[in-house]
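Taking it in order: structure first as structure tokens, then the write-up.
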């Protein structure tokens with residue numbers, strides 16, 4: 001997703017589905033990941049006691065995409081959603097096996113892999129002004145509204161096997177026949193295909209966060225839904241609201257104020273929720289200044305990776321003020337295959353051959369930020385080794401991480417440019433974040449493209465609008481998304497490749513995550529077959545899909561990300577590796 005992560009040492013089984021394996025009779029152990037943090041300033045990713053109370057401030061340049069759990073799909077949105085809402089299952093910091101959250105126990109899966117049954121906890125309540133206990137019907141409504149054009153959930157392919165799921169978003173909210181509620185504490189998912197393993201693994205996603213129909217229906221009747229401005233909470237925190245439920249604590253593009261949910265019952269939740277309030281700024285224009293303020297200030301965190309200088313400072317001299325977590329994701333430069341001359345595979349291969357990926361890593365912070373990518377499935381995700389491991393597939397246009405102009409020129413000649421450089425008149429729109437390190441990364445990319453003779457127009461926009469208003473909108477004709485990243489939705493290779501590269505998942509007019517608009521029938525067919533596999537055969541199949549995608553040169557694989565999060569010296573910072581940001585429900589003040 002344009003979003004975040006979890007780590008797992010991969011055995012030759014579908015290790016990504018640990019919760020489901022346990023539900024089918026496997027281990028009950030919620031063991032921590034040995035790779036939960038590659039480096040910390042003092043065990044920051046561990047579950048340690050914290051001091052209750054206080055105000056935490058987070059500085060950032062990126063707003064949430066949506067507060068609405070049915071629509072959010074961006075890292076900043078997840079950071080807020082997972083402390084204000086209760087999905088069926090979620091992840092504790094430093095652990096790789098999801099735990100029941102709103103759910104009371106692990107999912108029950110039928111022997112034919114076509115039915116999933118989940119029991120939910122009693123006495124989990126919605127925040128004001130709803131003030132009542134959550135029932136299974138609230139989870140069903142969350143599923144129903146997700147498939148409405150008024151809400152437009154952004155990852156429908158993960159749940160496409162649910163009976164009754166529409167092929168296109170419904171006009172208004174319609175009941176999904178495959179989601180039923182035999183009683184107030186039980187929800188049953190009926191599937192048309194034997195895909196219960198992957199669907200159950202996806203029950204950690206925001207689609208399972210309950211939404212009260214009796215309160216939200218009037219907002220969801222509008223297109224688009226206005227529930228985003230009236231969201232109620234089930235988690236330990238809520239966006240500050242007034243008596244009518246208006247989210248007065250959210251100032252779009254400026255700030256978010258999280259306060260305690262007065263109806264939260266800690267006896268139903270595993271989160272300690274130490275701090276009383278979190279004030280987030282989302283309009284900081286200079287990431288270097290923000291990072292320096294955090295490192296030298298008091299009771300503050302930064303929303304994402306610091307720029308290179310502050311990253312080096314934190315890692316080398318600020319013990320106790322940072323954590324690094326492998327993100328389970330990749331940074332990539334998608335090349336829109338529908339726009340000339342990027343519709344020519346040889347031009348795309350030339351770009352990949354010439355591209356200095358080490359230069360991108362350098363401006364993002366050097367070796368501290370992760371390994372140079374050679375394909376798309378990242379380390380720690382099942383299928384990584386089958387896709388080629390660290391070395392990657394044997395492709396000449398990706399052989400040199402610093403770029404090879406000789407190989408690039410040969411591909412340009414194959415594309416019909418005898419000089420080895422582009423001589424056409426097309427101008428390519430490159431859109432990127434207006435803040436570093438994304439802005440600097442795009443400037444490096446522009447230089448890499450221009451040395452092949454390509455004509456580039458660079459446009460910088462706010463981080464949150466880069467996706468929702470530009471890169472995800474096919475009609476905007478963005479040729480290259482300059483600061484794109486994709487992180488696991490759940491621990492399975494399908495979540496890393498299907499939404500981002502399957503042609504049948506290209507979404508118009510908005511919300512498209514296949515940023516390269518790759519529409520390769522052979523790749524699609526291979527994905528369809530891989531989806532139905534289990535165990536080692538599934539990993540082999542998705543590893544092969546990764547190789548096929550990489551061979552299309554639809555995107556430049558840049559970095560397998562590590563995320564570095566920083567905080568002030570008087571903060572006990574804790575990262576949540578699932579969404580790769582500070583976990584407000586575990587972080588405390590000294």
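What follows draws every value from the coordinates through simple rules; no lab data is involved. If you're wondering where the values come from, they're calculated on a predicted model, not measured in any experiment. For neighbour counting, all protein chains shown are included, and Cβ atoms are generated from backbone atoms with ideal geometry for every residue, glycine included.
Classify the stretch 259-376 as rounded, prolate or oblate from the Cα gyration tensor: take a ≥ b ≥ c as the square roots of its eigenvalues, call it rounded if a/c is under 1.5, otherwise prolate when a/b beats b/c and oblate if not.
Because a/c hits 1.5 or more and a/b exceeds b/c, the stretch 259-376 counts as prolate.
Give the whole-number value, in cubic angstrom per residue, of the convex hull volume spanned by the C-alpha atoms of the stretch 492-546.
With only Cα atoms used, the stretch 492-546 gives 68 Å³ per residue.
Simple spin-label model, 7 Å along Cα-to-Cβ: residue 183 to residue 419 in nm?
Going by the 7 Å Cα→Cβ label model, 7.7 nm.
Would you mind calculating the relative contact order of the stretch 328-563 from Cα pairs under 8 angstrom and at least 6 residues apart, reporting the percent as a whole number?
Worked out over the stretch 328-563, it gives 34 percent.
At R0 = 25 Å, how high is the FRET efficiency between residue 298 and residue 266 if r is their beta carbon distance? Nearest 0.05 is fine.
0.40
For n ≥ 4 DSSP H runs only, could you compute -39500 (n - 2.57) per run for the chain, divide by its residues and tell me the 222 nm figure to the nearest 500?
When only DSSP H runs of four or more count, the value is -7000 deg cm²/dmol.
So what is the diffusion coefficient of the stretch 306-352 in µm² per second by Stokes-Einstein at 20 °C and 1.002 mPa s, using a Kirkwood Rh over Cα pairs?
The diffusion coefficient I find is 152 µm²/s.
Taking 0.36 nm per intervening residue step and subtracting the Cα-Cα distance, what contour gain separates residue 117 from residue 508 on full extension?
Stretched out fully, the residue 117 to residue 508 stretch lengthens by 137.4 nm.
If r is the Cβ-Cβ distance from residue 192 to residue 255 and R0 is 35 Å, what FRET efficiency results, to the nearest 0.05?
Calculated transfer efficiency: 0.20.
On alpha-carbon atoms, Rg over Rh for the chain using Kirkwood Rh?
We get a ratio of 0.95 for the chain.
Mind running the shape call on the stretch 328-563? Use the C-alpha gyration tensor, a ≥ b ≥ c as the square roots of the eigenvalues: rounded below 1.5 for a/c, prolate if a/b tops b/c, oblate otherwise.
Note, shape of the stretch 328-563 comes out rounded.
May I ask you to sort 167, 298 by Cβ crowding, counting other Cβ atoms within 10 Å and putting the fewest first?
By the 10 Å Cβ count, ascending: 167, 298.
What full-extension length gain, to one decimal in nm, is calculated for residue 289 and residue 406 as 0.36 nm per residue of separation minus the Cα-Cα distance?
38.0 nm
For residue 459 and residue 371, calculate 0.36 nm times their separation in residues minus their Cα-Cα distance, and state this gained length in nm to one decimal.
28.9 nm
Under the rule a/c < 1.5 gives rounded, and otherwise a/b versus b/c splits prolate from oblate, where does the stretch 96-217 land using the Cα gyration tensor?
It is oblate, given that a/c is not under 1.5 and a/b is not larger than b/c.
Please tell me the relative contact order of the chain in percent, rounded to the nearest whole number, where contacts are Cα pairs under 8 Å and at least six residues apart.
23 percent
Between residue 477 and residue 450, what FRET efficiency follows from the Cβ-Cβ distance if R0 is 30 Å, with the result rounded to 0.05?
E between residue 477 and residue 450, to the nearest 0.05, is 0.95.
So how far apart, in nm, are the two label points at residue 167 and residue 226 if each is 7 Å from Cα heading toward Cβ?
It works out to 3.5 nm between the two label points.
Determine which residues of the stretch 122-146 fall in the zone a paramagnetic label at residue 242 would reach in this model, i.e. backbone nitrogen under 20 Å from the point 7 Å along Cα→Cβ.
127-131
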